[in-house]
């Protein structure tokens with residue numbers, strides 16, 4: 001039964017101008033598992049918990065998670081509809097090129113560069129966050145002091161391990177992604193049960209949902225709360241992975257969009273339960289207590305909550321070990337998506353050295369060169385963490401901005417195409433309302449997360465996210481003028497800027 005699906009997938013890919021090069025061995029569940037693993041409520045929620053804790057407190061952590069989740073679900077559904085029509089590894093930038101009424105290659109080029117920047121940043125943020133959690137674990141178990149230098153070295157080791165795992169082949173990645181999905185589900189269940197059964201007391205519902213804490217230095221409450229939403233918005237990234245592995249997924253026009261939407265939906269529900277349980281277990285809700293929690297020697301407030309609330313260092317270490325493994329899976333899946341997007345972008349001659357990055361290893365069926373290329377760039381992006389206290393905030397901001405610009409531009413272009421031919425998975429008459437909600441939300445967060453998170457603004461607290469965005473825009477613009485407009489090809493050849501029929 002699988003063979004006709006593969007034939008249909010390959011034929012659909014050929015219609016978009018590509019030949020089947022990657023090994024198509026992923027099931028629908030594996031496709032979902034990759035995106036679910038990258039979102040990873042046991043990674044983003046845990047490593048960026050401090051961002052929301054110090055910028056709004058419980059209000060930003062729990063209610064903020066739910067509100068952001070609803071808007072992100074709109075973005076995911078709008079993306080999924082386009083993915084169903086164009087299931088290719090290039091994903092977002094290819095969609096933009098197909099849906100633009102004019103200047104098709106230019107639209108694809110800009111979206112591709114933002115997607116590329118976002119993928120590099122989110123991989124750096126995930127694996128650096130993984131290193132933070134592992135350092136917290138080692139601090140609890142062996143008393144190892146958490147320092148920026150040690151954290152960075154551990155980060156490099158983790159990301160190299162992820163590159164090696166991805167280089168072995170898609171079957172191993174698929175197997176580990178499946179394990180990761182179940183690890184996250186069971187892991188969250190164990191942590192939630194422990195947080196409700198073992199502590200002697202819990203905070204009341206009102207405080208857990210609407211409590212307030214502010215260490216940003218800013219005094220305007222709404223601005224502080226909006227900054228705290230970065231925790232949720234950053235965690236809800238990476239679900240475009242289902243599109244990037246579409247060329248390795250069977251029945252991709254249905255499986256990939258379902259993977260996008262389900263990964264977000266399950267994360268919204270599971271993440272809220274997890275965050276509510278962690279926050280309700282905080283032993284000391286006074287201002288001094290929350291400030292001390294944010295400054296925990298472990299470097300990770302949830303780890304300190306496990307230690308203080310559960311009454312058993314052994315149980316706290318066990319729960320943190322669950323989180324450590326989940327975050328390792330998360331980083332592995334991020335490298336998978338990152339390398340596939342880079343492979344596709346290079347296949348269309350968009351990156352320096354494209355010929356090298358677009359090569360597929362004939363033995364493993366994986367883009368080995370692009371894997372190492374992405375990992376190297378992620379390491380370079382994380383270097384400021386050695387000397388800048390807001391570097392993690394900045395990297396997460398870059399990831400959110402880069403990815404969400406790439407997410408929403410194809411949605412915006414689709415809204416301007418009344419002749420859009422829907423794929424097997426679609427929103428029907430809800431397509432336009434949900435699409436416009438998505439566009440407005442992304443415009444808001446892109447403005448928000450380039451603003452300074454701490455006051456006063458100094459060299460140490462400066463948010464370099466806007467600089468990174470401007471650098472990417474400048475590089476992509478210069479490269480477009482120098483080589484892109486001559487050599488860049490997004491899918492099937494487009495000889496002019498005349499609109500190409502969507503059902504061609």
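The values are calculated or read from the model by the stated rules, or taken from the named source; none is laboratory data. What you are looking at is a predicted structure, and each value in this text was computed from that prediction instead of being measured. Positions of Cβ are backbone-derived with ideal geometry, glycine not excepted, and every protein chain shown enters the neighbour counts.
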From the list 135, 117, which residue is part of a helix (DSSP H, G or I), in contact with a helix residue (DSSP H, G or I) (Cβ under 6 Å, 6 or more places away or on another chain), touching a residue at least 40 places away in the same chain (Cβ under 8 Å) and more than 24 Å from residue 35 (Cα to Cα)?
-> 135
Mind checking which residues of the range 350-377 are farther than 24 Å from residue 248 by Cα and in contact with a helix residue (DSSP H, G or I) (Cβ under 6 Å, 6 or more places away or on another chain)?
-> 377
Please find, among 398, 437, 383, the residue that is in a helix (DSSP H, G or I) and under 27 Å from residue 255 (Cβ atoms).
-> 437
Looking at (1) more than 16 Å from residue 400 (Cβ to Cβ); (2) part of a helix (DSSP H, G or I), which is the one condition that is false for residue 87?
-> (2)
Determine if the range 466-477 includes at least one residue that is without any contact (Cβ under 8 Å) to a residue 40 or more places away in the chain, within 19 Å of the chain's Cα centre (by Cα) and buried (at least 17 other Cβ atoms within 10 Å of the Cβ).
-> yes
Tell me, please, whether a residue that is outside any loop (DSSP other than H, G, I, E, B) and either over 30 Å from residue 230 (Cα atoms) or modelled with pLDDT of 85 or more (or both) can be found in the range 454-467.
-> no
Does residue 26 fit the bill of being over 17 Å from the mean Cα position of the chain (by Cα) and farther than 18 Å from residue 417 by Cβ?
-> yes
Return the only residue of 177, 253 being modelled with pLDDT under 95, crowded, with 17+ Cβ neighbours inside 10 Å and touching a strand residue (DSSP E or B) at 6+ places or on another chain (Cβ under 9 Å).
-> 177
Go through 117, 135 for me and flag whichever is crowded, with 22+ Cβ neighbours inside 10 Å and farther than 17 Å from residue 336 by Cα.
-> 135
For the range 329-354, how many residues are without any contact (Cβ under 8 Å) to a residue 40 or more places away in the chain and either crowded, with 24+ Cβ neighbours inside 10 Å or within 14 Å of residue 488 (Cβ to Cβ) (or both)?
-> 2
